[in-house]
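The values are calculated or read from the model by the stated rules, or taken from the named source; none is laboratory data. Model, not experiment: these values are computed from the prediction. With ideal geometry, Cβ positions are generated from the backbone for all residues, glycine too; neighbour counts draw on all protein chains shown.
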Amino acid sequence: MPDPISDDQAVVVNVEGRGLVVIAGCAHSGIVNTVLRAQGITGVEEVWAVIGGFHLGRSTMEEITRTIAELKAIGPCLVMPTHCIGFAALHLLAQEMPDEFVVGAVGTRLAF
């Protein structure tokens, strides 16, 4: 579906001994594309965490399923979607990646 926002922003940090932490704004270009771009820019394959807006709220179940499969293939240790994910994607992501899934909410703290 057309997306009138022509740019995207994310913060990427390479945490020594863990890998990349990708913090997406709203991932208009796709959360998987955002992670792949981060890997390409940094040259680091290991992804420790994917956090932020996953932009799946209006996606079809096929798009959601494919996105989750691709996230699983990337293999992050932590996946924390926040805004714009949509309930269907949030629910399925929690089911498909229960060990990696963290509810992203105001006040959530991560200790590592």
### Message
Out of the residues in the range 36-57 meeting the condition of being surrounded by fewer than 17 Cβ atoms within 10 Å (Cβ to Cβ) and at pLDDT below 95, tell me which one is farthest from Pro81 (Cα to Cα).
### Response
Arg37
### Query
What single numbered condition from (1) surrounded by fewer than 18 Cβ atoms within 10 Å (Cβ to Cβ); (2) at pLDDT 95 or above fails to hold for Asn33?
(2)
### Query
Take the residues of the range 59-112 that are part of a helix (DSSP H, G or I), in contact (Cβ under 8 Å) with a residue 12 or more places away in the chain and of a type in the set (S, T, N, Q): which is surrounded by the fewest Cβ atoms within 10 Å (Cβ to Cβ)?
Thr65
### Task
Give the residue that is modelled with the lowest pLDDT, with candidates limited to residues of the range 1-19 that are within 21 Å of Cys84 (Cβ to Cβ) and surrounded by 14 or more Cβ atoms within 10 Å (Cβ to Cβ).
Asp8
